[in-house]
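Asks: Take a look at the following structure, please.
Nothing in this text is a laboratory measurement; each read-out follows from the coordinates by a stated rule. Bear in mind the structure is a predicted one, so any value in this text is a computation, not a measurement. A quick note on method: Cβ atoms are made from the backbone with ideal geometry, for glycine too, and the neighbour counts reach across all protein chains shown.
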């Protein structure tokens, strides 16, 4: 029972972690809470359903399910990256030098826009994921792990690992770290800050799209307002781990998923969303910069 | 390449491509044609980059010279509304008043003291539910509940702030957001006290000497009397030593502490007094609707009130009222567009921010930051 809940929690937590990466990367560079990030995740889930629906009507899903799913994920990632890129250029770039709260309000505006855009074009009712995964899986220490759960955990781990490598080993990753430390100094040493910011949004949106497709497959239904609560949870995860820190977002997401699943199993499932926030408040009161966040002394 | 990326053709194509998966080719084609026509028109008119030419920088007329006339005319105009307006418009104006109270309250916390608070709706809910429960369970009247609701909200505001204020900036924001969510979920699940998602019905409207104020024209005066009172009190307080301390904390907390301001005490005071007005707005809302349910107190409300004060101009009391005016009236005006109105509202918020980053009336001070 406990192990089963741990596996369930880990699955959800891995998805939170992947979404949280987008928040934390943008925050690390721009100090902007990108409220529309949850909507990108929602768009990803919808795109997954749309593309897989097309493949299903072509008969591809029935004959080759794995390539169809893979292609769906790739296509939604591409589109969501384009959404992330456009969003940054249209709504945040003009506000680069505005007061700090202006981009936040712009993000809320984008969020309202995207929610209603999806509601108008795709309808206000639940959309069903066109492919049903069976309950088959494997037994591991008396716990039943479905193939879907295993692949969600594996894909998330692979994404986080490759992102870590990307940030640590590549030129662009180095530029991102430099921009996160000091945007002005980074531009002075010849880093094209605009490109770095665009890349951050593209990567974050791509990750959110993968998370969206995985969740749509996991729960089977999607609605146009799923982005909000997932966004809030992922942001909570990012803050929990220490916002701006990439390993922190991963850790925060997994803690959040575990707390939720254990809390709803052993205390009461009605207050599922409350546990996340209670844990957050407790951790922040003990460690005001999150678990892995660096405590920076204020300079005068 | 850059010129091509900013050309109307490219932008229209790009938008149509992004739109395509959500609808069919035909709709994407229509969108492309409309957008291309519109952007080309703009391009020809302005001969500059199409995005930067949409509406030219909004410039408000200089009102300083006409201030006295304006200050005289607006109240008279507002006073005469119930004589000729239909109930529907009065209801909209009553909601405008309630949101103006909320916006002014939040403005103390976010605008004047610089604490980003995302769970403000919790105190609105406390005010509304306090009256709903006291009235339907214990039969207490509006006038007794009025101070009780407002004070309870203020105390709750200070109690939440006491631990949360150890955090800075966005950490404070997420903790307050969490508190708002916890409140929403608790209201939904504490069925014995709050009747869960069904809400509480049968709340009595206020009455004076046996005359019910439930009619929109009477209630209108009651709400706007409260707004005027709030406006007066808040402007007096922000002009006093307390308000100066708040501004000092917003601009530089360390410097303020060095000058002998007890930052913690003043931040607590700001949270308590902001929440006080939210509680007041809550009781007015409950008595107006005669019904409360958790659906009215979601994060969207907090975000909407935050939008109001930033659209109007952070730290500016009149700006808060202006913001409430825009965000309450705009959806009503856009009712003709029916289902598209929230879409337009989202775009509108982004455009206002891009063209007036300091808010429509401008902020209280250029260094507004949190």
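Asks: To the nearest 0.05, what FRET efficiency results for residue B:34 and residue B:207 with a Förster distance of 56 Å applied to their C-beta separation?
Replies: According to the calculation, E is roughly 0.55.
Asks: Hey, what angle do you get for helix A:2-30 against the long axis of chain A, alpha-carbon based, 0 to 90 degrees rounded to 10?
Replies: Roughly 30 degrees between the two axes.
Asks: Which FRET efficiency value, to the nearest 0.05, is calculated for residue A:219 and residue A:86 with the Förster distance at 22 angstrom and r the Cβ-Cβ distance?
Replies: Once rounded, the FRET efficiency stands at 0.20.
Asks: Describe numerically, in nm with one decimal, the distance between label points set 7 Å from Cα along Cα→Cβ at residue A:282 and at residue A:124.
Replies: 3.9
Asks: Once the piece of chain linking residue B:221 and residue B:23 is laid out straight, how much longer is it, given 0.36 nm per residue of separation minus the C-alpha distance between them?
Replies: The span from residue B:221 to residue B:23 would gain 66.5 nm if fully extended.
Asks: For residue B:339, project a label point 7 Å along Cα to C-beta. Then give me every residue of the range A:43-59 with its amide nitrogen under 12 Å of that point.
Replies: Counting only backbone N, you get no residues.
Asks: Using a 10 Å cut-off around each Cβ, can you sort B:321, A:243, B:234, A:267 from fewest to most neighbouring Cβ atoms?
Replies: A:267, B:234, B:321, A:243
Asks: Tell me, how many Å apart are the Cα centres for the range B:241-320 and for the range B:323-359?
Replies: One Cα centre to the other: 22 Å.
Asks: Follow-up question, since we're still on this one. Report the FRET efficiency, 1/(1 + (r/R0)^6), for residue B:251 and residue A:181, where r is their Cβ-Cβ distance and R0 is 25 Å, rounded to 0.05.
Replies: Once rounded, the FRET efficiency stands at 0.50.
Asks: Relative to the longest principal axis of chain A, what angle (0 to 90°, nearest 10) does the C-alpha long axis of helix A:171-181 take?
Replies: Approximately 60 degrees, to the nearest ten.
Asks: Expected output is a single nm value to one decimal: the length gained when fully extending between residue A:267 and residue A:154, i.e. 0.36 nm times separation in residues minus the C-alpha distance. What is it?
Replies: 37.8 nm
Asks: Now a separate question. If one takes the longest principal axis of the Cα atoms in chain A, at what angle in degrees, from 0 to 90 and to the nearest 10, does the Cα axis of helix A:65-87 lie?
Replies: 30
Asks: Could you check the spin-label model distance between residue B:355 and residue B:9? Points 7 Å from the Cα along Cα→Cβ, value in nm.
Replies: According to this spin-label approximation, the distance is 2.8 nm.
Asks: Moving on to the next point. Sorted from fewest to most neighbouring beta carbons within 10 Å, what does the list B:267, B:288 look like?
Replies: B:288, B:267
Asks: Now for a separate question. Please state the shape class of the range B:274-352: rounded when a/c is under 1.5, otherwise prolate if a/b exceeds b/c and oblate if not, all from the C-alpha gyration tensor.
Replies: oblate
Asks: Normalised by the empirical 2.2 N^0.38 Å for globular proteins, what value does the Cα Rg of chain B take?
Replies: Cα-based Rg divided by the globular estimate yields 1.10.
Asks: Shape call for the range B:102-226 from the C-alpha gyration tensor, a ≥ b ≥ c root eigenvalues: rounded (a/c under 1.5), prolate (a/b greater than b/c) or oblate?
Replies: In terms of gyration-tensor shape, oblate.
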